[in-house]
1. With respect to the numbered conditions (1) touching a helix residue (DSSP H, G or I) at 6+ places or on another chain (Cβ under 9 Å); (2) open to solvent by 10 Å² or more (accessible area, probe 1.4 Å); (3) more than 19 Å from R69 (Cα to Cα); (4) in a loop (DSSP other than H, G, I, E, B), which one is the sole condition not fulfilled by Y239?
2. Being under 25 Å from I53 (Cβ atoms) and touching a helix residue (DSSP H, G or I) at 6+ places or on another chain (Cβ under 8 Å) is the requirement here; does T151 meet it?
3. How many residues, within the range 154-203, are touching a helix residue (DSSP H, G or I) at 6+ places or on another chain (Cβ under 7 Å) and among the hydroxyl-bearing types (S, T, Y)?
4. Scan the range 180-233 for residues that are touching a Ser or Thr at 6+ places or on another chain (Cβ under 7 Å) and aromatic (F, W, Y) and jot them down.
5. Being farther than 27 Å from H116 by Cα and at pLDDT below 90 narrows it down to one residue among R184, R284, R234; which is it?
6. Is it the case, given these coordinates, that M111 is open to solvent by less than 30 Å² (accessible area, probe 1.4 Å), farther than 22 Å from L192 by Cβ, in a strand (DSSP E or B) and not polar (S, T, N, Q)?
7. Provide a single number: the residues in the range 61-101 that are of a type in the set (K, R) and under 15 Å from the mean Cα position of the chain (by Cα).
8. Does V229 satisfy the condition of being open to solvent by less than 30 Å² (accessible area, probe 1.4 Å), of a type in the set (A, V, I, L, M) and either more than 20 Å from D62 (Cα to Cα) or in contact with an Asp or Glu (Cβ under 6 Å, 6 or more places away or on another chain) (or both)?
Amino acid sequence: MADSEFVYDPESWSVTPAMKAAYVKNGYVLVRKMLNEAEVRKVRQAVENNEEIQARSYSRDDGSSRRSRVSLWNHPGDDTTGRLARMTRVAGTMEQLMGGDEVYHYHSKLMMKDAHTGGRHVWHQDYGYWYNNGCLYPDMGSVFIPVDDCTRENSCLQVLKGSHHLGRVDHIKVGEQLGADLERVEQAQKQLDHIYVEMKAGDILFFHCNLFHTSDQNSSDRRRWVFIVAFNKRANNPYKVHHHPQYTPMTKVPDSALLESSDGEFLDGKWFIKLDDDTSIKDRDH
């Protein structure tokens, strides 16, 4: 994983040609220590202390009677989570890794795998969902931001390095999730490196929408909460109205805005998604 791993330096940070090359070749870039301790505490307090984000969560069965909770919203807002999604360090980096064309906020979510009960997420590509939403091109990506340390014991993300070059594969229903065609996954595993992406809170992972990824059940005594922001290119505006937004201009904020945020207006304009609103699986079943 070394050729896709970098360390954040606030004094000299820029998206370098080496980072862009790693993203193109491997499908992801991992940046260590991208949030400092104060920023991690700010984000953790924002998601822990807001009752609404918990009340609006839903879950899906993983096919083995385990569940993980998710709260998902379509517009970033101006609270701590919204500023984290829009800050230059996050949105600007993703935009540069995706080629430099304008991107917009597609959705954000808090993934909550609680101790002893958190369900697995089957092998999948994010574009396996988003393709059904009218996004013609795989010009999309996700930013994976741990709220808690992510280890093999509490279900860190796993990826198949370079698997985005396989293109989109068919996805089928597994429990209440969509999973990539298992025959394709098994063949890919024979040829590609299977990476356990262990991360500390403060590390950030940027990855391509066609990268195969999964995570196990959390049977440990430690929870695993992760904040994820998805971006789409303006030029890839969905051709049909769906449960995620079509192109909506996104105003980036300076990195300093994160610690200056207030969580008193958490729900303003965020457009939360309920389980019944999420039609990706329903559409795929037709």
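1. Here Y239 meets the rest and fails (1).
2. Answer is no for this residue.
3. Looking only at that region, the number is 1.
4. F206, F207, F212, F227
5. Answer to the selection: R284.
6. Spelling it out, M111 is indeed open to solvent by less than 30 Å² (accessible area, probe 1.4 Å), farther than 22 Å from L192 by Cβ, in a strand (DSSP E or B) and not polar (S, T, N, Q).
7. Of the range 61-101, the ones of a type in the set (K, R) are 66-67, 69, 83, 86, 89.
Restricting the remaining residues to those that are under 15 Å from the mean Cα position of the chain (by Cα) gives 69, 86.
Counting residues in the range 61-101 that are of a type in the set (K, R) and under 15 Å from the mean Cα position of the chain (by Cα) gives 2.
8. yes
The values are calculated or read from the model by the stated rules, or taken from the named source; none is laboratory data. All values derive from a computational prediction rather than experimental measurement. Positions of Cβ are generated from backbone atoms using ideal geometry, with glycine treated the same way; all protein chains shown enter the neighbour counts. Heads up: the accessible areas ignore ligands, DNA and RNA and are worked out on the full protein's heavy atoms, side chains in. Shrake-Rupley method; radii C 1.70, N 1.55, O 1.52, S 1.80 Å.
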